[in-house]
Amino acid sequence: MNLKGKTVLLTGASGGIGQAIALELAAAGARLVLVARNTTRLTALQAELVAKYPADHQTFSADLTQDEDRQHLLTFVRELQGIDVLINNAGISQFGLVAQQDYAAQLGTNLLMPMLLTQTLLPELQRKAQALIVNVGSAFGSIGYPGFSGYSASKFGLRGFTEALKRELADTGVQVLYFAPRATDTAINTDAVVAMNRELGNHSDSPQLVATAMLQQIQQEQARRFVGWPEQLFVRVNAIFPGIVDKALAAKLAVIRRYAQLSNSEA
């Protein structure tokens, strides 16, 4: 899709990846509707975008886990004469063992919220001759990782929702894309996660690299994109021979468990 002149609604716009994505989209000529809970960060991002890439960029502060806020956003979108692209980027993560996990929060934000927001805004997208929905998943949406059981479950679910929705809308003008980054250098990672990744040799990408990869996916209308190597290989191996990945992660389990327990003590 050529984004010049398109209106893109981006959730989680105030986060590290969200801000980088916003800058890439604006540079490509898109008009942005920036959505997040943090009004101060949204306003600052809007000012930066207008200064660098002048356009009628909008902000909307909301808690999209709430029905009322989603309905208010729908009204706002209609006042803007609709949107061309919906990017479900907002998400949270928690690193810890099963007993430490807040499953309700992670599933509510990472899975239920994008499903309900898509349900709310889909009729507006279908008014366009061409529209896109981009769901931001994770490598952990294909590889269940110790210490991230809640996050992995939510992203596995989002990947399933994306796949089913894509097939349901195959004969319409709305395309559905799945974007899966690996570990990224943002505040979503605790000190324990950063230290664990360093000890295990896990790679971590900059938000700018991730944002560039998403922009390329949108422009190419690529159905699925997984960022990073060897994670792309592990996704394929895990789908066909999960036992191989079982053994590889079992060898790292002592380190993962140590940092997971450290993360809980920090909290």
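The table below lists the values:
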item: Filtered residue count, segment 182-200, keeping only those that are more than 17 Å from PRO230 (Cα to Cα) and under 19 Å from the mean Cα position of the chain (by Cα); result: 7
item: Residue check for ARG182: assigned to a loop (DSSP other than H, G, I, E, B), under 21 Å from GLY157 (Cα atoms) and of a type in the set (Lys, Arg); result: yes
item: Total residues in segment 111-128, condition hydrophobic (A, V, I, L, M, F, W, C) and farther than 16 Å from THR11 by Cα; result: 0
item: Selection from segment 70-109 of residues that are touching a strand residue (DSSP E or B) at 6+ places or on another chain (Cβ under 8 Å), farther than 21 Å from VAL193 by Cβ and hydrophobic (A, V, I, L, M, F, W, C); result: LEU73, PHE76, VAL77, LEU80, ILE83, VAL85, LEU86, ILE87
item: From the options LEU64, LEU45, LEU25, LEU34, residue that is modelled with pLDDT of 95 or more, assigned to a strand (DSSP E or B) and under 20 Å from the mean Cα position of the chain (by Cα); result: LEU34
item: Scan of segment 86-96 for residues that are part of a loop (DSSP other than H, G, I, E, B) and either β-branched (Val, Ile, Thr) or surrounded by fewer than 14 Cβ atoms within 10 Å (Cβ to Cβ) (or both), ordered by number; result: ILE92
item: Boolean, VAL35 is open to solvent by 40 Å² or more (accessible area, probe 1.4 Å), hydrophobic (A, V, I, L, M, F, W, C) and either in contact with a Ser or Thr (Cβ under 8 Å, 6 or more places away or on another chain) or within 22 Å of GLN216 (Cα to Cα) (or both); result: no
item: Failed item, numbered, when GLU168 is tested on (1) within 13 Å of the chain's Cα centre (by Cα); (2) closer than 30 Å to PHE76 by Cβ; (3) not hydroxyl-bearing (Ser, Thr, Tyr); result: (1)
item: In segment 188-221, the residues that are exposed (fewer than 14 other Cβ atoms within 10 Å of the Cβ) and either under 30 Å from THR7 (Cβ atoms) or touching a strand residue (DSSP E or B) at 6+ places or on another chain (Cβ under 7 Å) (or both); result: GLN216, GLN219, GLN220, GLU221
item: Where THR40 falls short, out of the listed (1) open to solvent by 50 Å² or more (accessible area, probe 1.4 Å); (2) more than 18 Å from LEU117 (Cβ to Cβ); (3) part of a loop (DSSP other than H, G, I, E, B); result: (3)
item: Hits in segment 48-60 (condition: of a type in the set (Ser, Thr, Tyr) and either assigned to a helix (DSSP H, G or I) or open to solvent by 60 Å² or more (accessible area, probe 1.4 Å) (or both)); result: TYR53
item: Residue list for segment 110-141, filter: among the polar types (S, T, N, Q) and in contact with a strand residue (DSSP E or B) (Cβ under 7 Å, 6 or more places away or on another chain); result: THR118, GLN126, ASN135, SER138
item: Whichever residue in segment 222-267 is part of a loop (DSSP other than H, G, I, E, B) and modelled with pLDDT of 90 or more and, among such residues, is most open to solvent (accessible area, probe 1.4 Å); result: PHE241
item: Every pair of residues 6+ apart whose Cβ atoms lie under 9 Å, when the first sits in segment 96-109 and is closer than 20 Å to TYR259 by Cα and polar (S, T, N, Q) while the second is open to solvent by 80 Å² or more (accessible area, probe 1.4 Å) and assigned to a loop (DSSP other than H, G, I, E, B); result: GLN100/ALA267
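Every residue, every condition in (1) open to solvent by less than 10 Å² (accessible area, probe 1.4 Å); (2) farther than 30 Å from ALA250 by Cα, yes or no:
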site: VAL98; (1), (2): no, no
site: LEU107; (1), (2): no, no
site: MET113; (1), (2): no, yes
site: TYR145; (1), (2): no, no
site: GLY150; (1), (2): yes, no
site: LYS155; (1), (2): yes, no
site: ALA164; (1), (2): no, yes
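The values are calculated or read from the model by the stated rules, or taken from the named source; none is laboratory data. No experiment lies behind these values; they were computed from the predicted model shown. Every residue, glycine as well, gets a Cβ built from its backbone with ideal geometry; the counts of neighbours run over all protein chains shown. Accessible surface is based on the protein model in full, side chains and every heavy atom, while ligands, DNA and RNA are left aside. Shrake-Rupley method; radii C 1.70, N 1.55, O 1.52, S 1.80 Å.
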